[in-house]
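Only the coordinates and a few stated rules stand behind these numbers; no lab work does. Note that the structure is a prediction, hence the values are computed from the model and not measured. A quick note on method: Cβ atoms are made from the backbone with ideal geometry, for glycine too, and the neighbour counts reach across all protein chains shown.
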């Protein structure tokens, strides 16, 4: 996972977001539980209009909040306000829910009535400042930002909003000076360089823009701490040279990090346009676009899998400034996926403009989300259409293969990856290792090892020391009682590369077990269970190992845990585990009825 700004924020002891917004998102569980008759978490289809009292509507909204069901929360809070139009608590929650849902105009209407509410003043003022930039009412922006934010992220956002507002008012030098004067932690520099570079070029100072953007992308820490700021600066710098007619410098800028061009759609699309001598445009021309990118880049840095509701809020604020910005939409959809809202993600991916280089990626992700909500045939048809249009797009084959594998359609998995490898032609790029890895897994599941092994080895040729491949190949050799020493070496190398992967540690433990080294097996399998305590396969493996070293009570306990966690796993294993719980195992047994994880 990319190292994000959040880790820097946490490490300096700073809060992630506004106290007021965090308070708004909290749920009064004590009262909500006492009013389950109004609505339950499982019943998410209740008609808000049927709720008979303010209390029932308000608490139903709280329950919807706890389920991340923003749309229903809005309906419930609106219903509560029908009973008590002056309720500040209902207005606060409706305001935050509207922002989270991206209904910015409706949120602003509520914000106008909450200006004097100390509990939400910071978020209200920030929203009103964004509205002023959005409406080109630049003289009003600083008036809304007079308060002192209680956390450093909002302080940075507000300062950048103020600067972009001055840029919109044709005060570019003053705006740049304001950004330059910003003081804060070391990571402030990445956002200062990005915004100064974008603003300087949009304001006509090419040399200053090049300086700031070059400083940003040559800093080795910037891509880890602020990856979206880095990516934007990377493409912006190449765009400047291309617009200036210096094709060689433009392409050289993209080669400063060739892996980015290969893996980031806008960078690759930009490179193709430069190579074809086509017109190139700069990503920021207006104050609205600049302010949107400022908030987006900060949200991207915070997107580390935690507090996704906060990240989603910032992205919705950015989207209010630039509704058709493809990068904002794609990142927002990604956050919605992380919040387990695939339907909302699908809706957001559909908004990505047709002409955007992010469109193909968004359509692929849309297809994967269709599969996630059970529309498998539609998903396959959707991704097949992408492959037909872009037959060399490896990501499409990988996405389709993922869906087919989940459906256990392994012959189709093999056919898909063979077709993809043929379409791409001679493959030498190490990033293509996954094509051969997934092809190998397909053959292995079809019990065609003579075809699986060469595909695994080819994957390792492309990406030596790849932990997943080393784990799968090494375990397969040991499971078949061949190449035992080579197999153990591969698994140990995989564990060394990824020591916190419960599945890979389980493979090492189970490899020891299969070779009769039960004490070593117990040691590794106990560590695997610590990493993944609810995985039934690992619990089952540990139970077997415990039995062989005489820890029979603990063995039966682990087998019971395996049964309790068996939902959505291979239920065919249940009878064998139940038999072990009843009768135990032969003392010298070297195999379990369960299968290994595939890492």
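Quick look at the numbers
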| quantity | calculated |
| --- | --- |
| FRET efficiency for residue 465 and residue 150, using Cβ-Cβ distance with R0 set to 56 Å, rounded to 0.05 | 0.75 |
| Packing rank of 328-335, 415-422, where each peptide gets the mean count of other beta carbons within 10 Å, highest leading | 328-335, 415-422 |
| Cα-based equivalent ellipsoid of segment 148-304: semi-axis lengths in Å, sorted from largest, via gyration tensor | 25, 18, 12 |
| Burial ranking of peptide ranges 553-566, 312-325 (average Cβ count within 10 Å, highest at the top) | 312-325, 553-566 |
| Rounded FRET efficiency, nearest 0.05, which uses the C-beta distance separating residue 457 from residue 549 and R0 of 35 Å | 0.50 |
| Degrees, to the nearest 10: 359-372 long Cα axis against longest axis of the chain | 50 degrees |
| Stretchable slack from residue 82 to residue 373, in nm (0.36 nm times residue separation minus alpha-carbon distance) | 101.3 nm |
| Backbone N within segment 263-277 under 16 Å of label point (7 Å from residue 247 Cα along the Cβ vector) | 270-277 |
| Cα gyration tensor of the chain - equivalent ellipsoid semi-axes, whole Å, descending | 46, 34, 22 |
| Normalised contact order of segment 60-210, rounded percent, pairs of Cα under 8 Å and 6 or more residues apart | 11 percent |
| Computed label-point distance, nm, for sites residue 408 and residue 500 using a 7 Å Cα→Cβ extension | 3.3 nm |
| Förster-model FRET efficiency, 35 Å R0, residue 276 and residue 121, C-beta, rounded to 0.05 | 0.10 |
| Mean separation of Cα contacts under 8 Å, 6 or more apart, over the residue count of the chain: relative contact order % | 7 percent |
| Virtual spin-label span in nm between residue 389 and residue 583, 7 Å along Cα→Cβ | 5.8 nm |
| Peptides ranked, highest mean first, by Cβ atoms within 10 Å: ranges 483-493, 372-382, 73-83 | 73-83, 483-493, 372-382 |
| 10 Å-binned pair-distance histogram of segment 282-398 (Cα, whole percent) | 15, 41, 31, 13, 0 |
| Residue-span extension gain [residue 46 to residue 262] - 0.36 nm each, minus C-alpha spacing | 73.0 nm |
